[in-house]
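Single-structure report; data block below.
The values are calculated or read from the model by the stated rules, or taken from the named source; none is laboratory data. Source: prediction; values computed, not measured. Every residue, glycine as well, gets a Cβ built from its backbone with ideal geometry; the counts of neighbours run over all protein chains shown.
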Amino acid sequence: MIVPLLRLATRVWHDRRAVAGIEFAIIGPVVVALLLGCVTLFALFRGSQDAEKATFTVADIVSRQTSVSTAFLDTQHALFQRMLSDGSTDKGFRISSIRRVGTGFTVAWSYAVAPLNPLQAADIPLAQLPLVADGDSLVLVETRVPFAPIFAVAGVSGGEHRNLAANRPRFTASIAKSD
């Protein structure tokens, strides 16, 4: 009785059929998880880059103006929306003109689209601003673009891409708002 069992065990031990299937069952899920992780990280990186490029483009366009109107700023918001590939409408968008006065800044004007509010002097992100001389002004373009990962891998959950572009006006000391 023991001899047939030993022969069976020896035959099974030396049988190499289905080894590829077993290896795939072990390695396959790991490869699929890596693929999904790469796709998710690429999508998050692309969304971040798109949001940053759109923010800097709007900031550059506004900094080349000598005065702006609400209609012009509405157009810049529409441009920002069109430059992003996700199509969601819950993006934060704010353009403000600030002036350095002494050791602080004052807000000349601010245009905001919900969920952001117009910029107040107490909310100016001082740590993110470049050094400017007293009396100089800056145009701040702040954006917030929500993201949700395609696959919840590696602990990545939803959030938002926050961008800030601070440009000096190109052709004037400060940009006036006409309405």
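Okay, here's what the table says:
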quantity	calculated
Of all residues making up the range 169-179, the number that are outside any loop (DSSP other than H, G, I, E, B) and small (Gly, Ala, Ser)	1
Flag if Ser67 is in contact with a Phe, Trp or Tyr (Cβ under 8 Å, 6 or more places away or on another chain), surrounded by 12 or more Cβ atoms within 10 Å (Cβ to Cβ), modelled with pLDDT of 90 or more and more than 27 Å from Ala148 (Cα to Cα)	no
Complete set of residues in the range 50-65 that are of a type in the set (Lys, Arg) and not in a helix (DSSP H, G or I)	Arg64
Neighbours by Cβ (under 8 Å, 6+ apart or cross-chain): first from the range 19-33, in contact (Cβ under 8 Å) with a residue 60 or more places away in the chain; second surrounded by 10 or more Cβ atoms within 10 Å (Cβ to Cβ) and not in a helix (DSSP H, G or I)	Ala33/Val153
Failed criterion for Lys177 (all others in (1) among the basic types (Lys, Arg); (2) closer than 17 Å to Thr55 by Cβ; (3) touching a Phe, Trp or Tyr at 6+ places or on another chain (Cβ under 6 Å) hold)	(2)
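A quick yes/no check of all residues on (1) surrounded by 15 or more Cβ atoms within 10 Å (Cβ to Cβ); (2) farther than 20 Å from Ile61 by Cβ:
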{"site": "Gln120", "(1), (2)": "no, yes"}
{"site": "Leu126", "(1), (2)": "no, yes"}
{"site": "Ala133", "(1), (2)": "no, yes"}
{"site": "Leu140", "(1), (2)": "yes, no"}
{"site": "Thr143", "(1), (2)": "yes, no"}
{"site": "Phe147", "(1), (2)": "yes, yes"}
{"site": "Ala152", "(1), (2)": "no, yes"}
{"site": "Gly155", "(1), (2)": "no, yes"}
{"site": "Asn163", "(1), (2)": "yes, no"}
